[in-house]
1. Looking at segment 69-97, I want the residues that are over 16 Å from residue 44 (Cβ atoms) and without any contact (Cβ under 8 Å) to a residue 24 or more places away in the chain and have a partner that is among the β-branched types (Val, Ile, Thr) and not in a loop (DSSP other than H, G, I, E, B) with Cβ atoms under 6 Å, at least 6 apart or on another chain. Which pairs are those?
2. Filter segment 74-90 down to residues that are hydrophobic (A, V, I, L, M, F, W, C) and exposed (fewer than 15 other Cβ atoms within 10 Å of the Cβ), then give me how many there are.
3. Identify the residue in segment 57-90 that is touching a helix residue (DSSP H, G or I) at 6+ places or on another chain (Cβ under 8 Å), among the hydrophobic types (A, V, I, L, M, F, W, C) and modelled with pLDDT of 95 or more and, among all such residues, is nearest to residue 23 (Cα to Cα).
4. How about segment 97-131: which of its residues are in a helix (DSSP H, G or I) and charged (D, E, K, R)?
5. So in segment 96-141, with the set limited to residues that are β-branched (Val, Ile, Thr) and farther than 30 Å from residue 23 by Cα, which one is modelled with the lowest pLDDT?
6. Could you tell me which residue of segment 54-73 is surrounded by the most Cβ atoms within 10 Å (Cβ to Cβ), considering only residues that are among the small types (Gly, Ala, Ser) and in a helix (DSSP H, G or I)?
7. Looking only at residues in segment 26-40 that are within 20 Å of residue 115 (Cα to Cα) and surrounded by 15 or more Cβ atoms within 10 Å (Cβ to Cβ), which one is modelled with the highest pLDDT?
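The values are calculated or read from the model by the stated rules, or taken from the named source; none is laboratory data. Being a predicted model, the structure only gives us computed values, none of them experimental. Methodologically, a virtual Cβ is constructed for each residue, glycine included, from the backbone with ideal geometry; neighbour enumeration extends over all protein chains shown.
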Amino acid sequence: MQPEWSPRISWPDLPNHVQTGVEQIPGEPVVQTAAQQGGFSPGTADRVRTVSGRRAFVKAVGPHLNEHSPALHRREAAITAALPDTLPAPALLGTFDDGDWVALVLSDVDGRHPHVPWRAGDWRPSWTRSWCCHGRLSLRP
């Protein structure tokens, strides 16, 4: 479980069947996890490493944590899957959805969260990545 001040669960808190379903996406067991802070979901957000060293980012949530979060994860998965490969965004490697629990497995991206409050060195990389997407995305749903 995350620290007291954070409502987020972590990989060990996921039901076994969800962990197993997620592990089927890379095709091998997860052997290392690193919980990530931030975000708005009470679900897990973990950087994971598999037995062969493959890395991924896993987000998972069930309705008992927040009744609206599974639908938001499903929507995020659909949008992420539709993004062009040319965008500097993590790729959706797969999803697990048992009707209650929803997990997104995305490519892991090297980096860190910006400092709070942001520092001068945090602003430029974020702005550059955002600006490069300008004109590459449609406003149509």
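1. As it stands, the answer is 92/80, since those pairs meet every condition given.
2. Here the count works out to 5.
3. 58
4. So the first thing to find is which residues in segment 97-131 are in a helix (DSSP H, G or I), and the list is 120-131.
Result: 122, 124, 129.
5. Among residues in segment 96-141 that are β-branched (Val, Ile, Thr) and farther than 30 Å from residue 23 by Cα, the one modelled with the lowest pLDDT is 128.
6. Among those residues, the one meeting the criterion is 69.
7. Step one: list which residues in segment 26-40 are within 20 Å of residue 115 (Cα to Cα), which gives 34-40.
Now narrow it down to the ones that are surrounded by 15 or more Cβ atoms within 10 Å (Cβ to Cβ): 35-36.
Numbers: 35: 93, 36: 90.
Across segment 26-40, the extreme among qualifying residues is 35.
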